[in-house]
Amino acid sequence: MAGQTADLTVFVPAYTQAAHPTYAAVTFLLLDQALGEDDVETRIGPVNVLSKGPGPDGRAGHRLVGLQTKVLAKTIRSDR
């Protein structure tokens, strides 16, 4: 595939660095279910896990619902 990948940051309010391996594994399982394993492997770049986002309410970005459409749109657009 010639397209670019999408970098993701997943915000998990209870996240701690000490439990990073667990949160990283669960994050990838969640992404595999939401996007499909093939799309995660070919269209997703680095995935970061943080406890809160930069917004005033600790959130930022997009909800999981609709993520597949956004990722596919970004990576398909860059294929052209």
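So that you can scan it fast, the table gives a plain yes or no per residue for (1) in contact with a strand residue (DSSP E or B) (Cβ under 9 Å, 6 or more places away or on another chain); (2) of a type in the set (K, R); (3) within 22 Å of T69 (Cα to Cα); (4) surrounded by 11 or more Cβ atoms within 10 Å (Cβ to Cβ):
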| residue | (1), (2), (3), (4) |
| --- | --- |
| A14 | no, no, no, no |
| A18 | no, no, no, no |
| A24 | yes, no, no, yes |
| T27 | yes, no, yes, yes |
| L31 | yes, no, yes, yes |
Picked from region 12-34 (must be closer than 16 Å to I44 by Cβ and of a type in the set (A, V, I, L, M, F, W, C)), the residue nearest to the chain's Cα centre (by Cα) is L31
Counting only helices (runs of 4 or more DSSP H) entirely within region 4-80, those with at least 3 residues that are modelled with pLDDT of 85 or more and among the acidic types (D, E) are 37-43
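The values are calculated or read from the model by the stated rules, or taken from the named source; none is laboratory data. Being a predicted model, the structure only gives us computed values, none of them experimental. Counting neighbours? That spans all protein chains shown, and the Cβs are built from the backbone with ideal geometry, glycine included.
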